[in-house]
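Visitor: My structure is below; once you've seen it, I'll send some questions.
The values are calculated or read from the model by the stated rules, or taken from the named source; none is laboratory data. What you see is a predicted model, and the numbers here were worked out from it, not measured in a lab. Glycine gets a Cβ as well: all are built from the backbone with ideal geometry, and neighbour counts include every protein chain shown. Note: accessible area is taken over every heavy atom of the protein model, side chains too, but ligands, DNA and RNA are not part of it. Shrake-Rupley method; radii C 1.70, N 1.55, O 1.52, S 1.80 Å.
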Amino acid sequence: MKQPALPNNLELVVAPDAASLNLAAVEEFCRSAGAAIAARGRFTVALSGGNTPRAVHALLVEQQRDSLPWEKIFVFFGDERHVPPDHPDSNYRMAKESLLSQVPIPQQNVFRIQAELPADVAARKYEDSLREFFQLPPGSWPRFDLIFLGLGDDGHTASLFPGTAALNEDACLAVANWVEKFKAYRITLTFPVLNHAAEVLFLVSGKGKAEIMREIVRKAGNAVYPAQMVRPEHGRLLWMADRQAAGLL
Ligand code: 6PG
């Protein structure tokens, strides 16, 4: 796949179309899972929300439902809308429909954000589940093997939206974040968690993201958008886009 000349050694892979982008994402999921399981006997991954992941999940089911050791795979979420798990807007519902109900992953391996609760309670409970699972001493951060992220056309990622309080969070692993434009709370992982990951994979598809992608790449050296503040300190940052989303680069 094409690798355009980029500033600040930002790693960007451009796929010819959405289908090959999905394929590349599945390949990266499998590569990362294989390496983590070989090294540590388990794979910890945080899924992103929105629409883009659906097709990736479907391909993962089609290609890997009987091949990956799902009992060694532990699934978390980068963020969640403040809705019950059966709500049409729920990221968990999207992941359950498109992936989790289609593969033999044990229920106890899926860590849902309980967004039916008050937002701050949901965030606290999610943080507690992260601390317990990763056996975190106070003041330390989980190191996910892989975190999938999407890109909003305003430059947000997870539920870290421009101008919101969560952008400044440097102590909690997960917070309730008021998003004025939706007049609603979201629950989101915070930058320190994203930036402690072993790998972060942004997946960007469609011409609707071409403008923001150009902004992100052009200003790669000077973080203006929340998505640009994701820079794993000791991990890989990989952007994958299809040609439509990368059309203005
Ligand atoms: C969410 C996501 C969000 C998403 C981007 C891109 O809860 O909506 O976590 O960060 O990844 O908004 O969404 P699309 O894939 O639908 O373009």
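Visitor: Helix-only mean residue ellipticity at 222 nm, the chain, DSSP H runs n ≥ 4 weighted -39,500 (n - 2.57), per residue, nearest 500. What is it?
Guide: -8500 deg cm²/dmol
Visitor: Which of rounded, prolate, oblate describes segment 1-108, given a ≥ b ≥ c as roots of the alpha-carbon gyration tensor eigenvalues and a/c under 1.5 marking rounded, otherwise prolate only if a/b is larger than b/c?
Guide: oblate
Visitor: Let me ask another. Just the Kirkwood number for the chain, please: inverse of mean 1/r across all distinct Cα pairs, in Å, one decimal.
Guide: 18.1
Visitor: Using only alpha carbon pairs under 8 Å that are at least six residues apart, calculate the relative contact order of the chain and give it in whole percent.
Guide: With pairs under 8 Å counted, the relative contact order is 23 percent.
Visitor: Going 7 Å from the Cα of residue 66 in the Cα-to-Cβ direction, what parts of segment 27-58 have a backbone nitrogen less than 19 Å from that spot?
Guide: Inside the label zone: 58.
Visitor: While we're looking at this one, here's another question. Which lysines does residue 219 reach when only Cα atoms under 18 Å apart count, and residues fewer than 8 places away in its own chain are ignored?
Guide: 209
Visitor: Let me ask you something else. Largest first, what is the accessible-area ranking of 234, 156 with a 1.4 Å probe?
Guide: Output order, biggest surface exposure first: 234, 156.
Visitor: Determine which lysines satisfy two conditions relative to residue 96: a Cα distance under 25 Å, and not lying fewer than 8 residues away in the same chain.
Guide: Reachable lysines: 72, 125.
Visitor: Give the long-range amide H neighbours of residue 46: residues separated by 5 or more places, or on another chain, with amide H under 5 Å away, using H modelled in the peptide plane at 1.01 Å from N.
Guide: 76, 146, 147, 148
Visitor: Would you kindly state how much longer the chain becomes between residue 27 and residue 172 on full extension, computed as 0.36 nm times their sequence separation minus their alpha carbon distance, in nm to one decimal?
Guide: Full extension of this stretch gives 49.0 nm more.
Visitor: Expressed in nm to one decimal, what extension gain is obtained for the pair residue 183 and residue 211 from 0.36 nm per residue of sequence separation less their Cα-Cα distance?
Guide: Extending this stretch completely gives an extra 7.5 nm.
Visitor: Let me ask something additional. Residue separation times 0.36 nm, minus the C-alpha to C-alpha distance between residue 120 and residue 219: what's the value?
Guide: 32.3 nm
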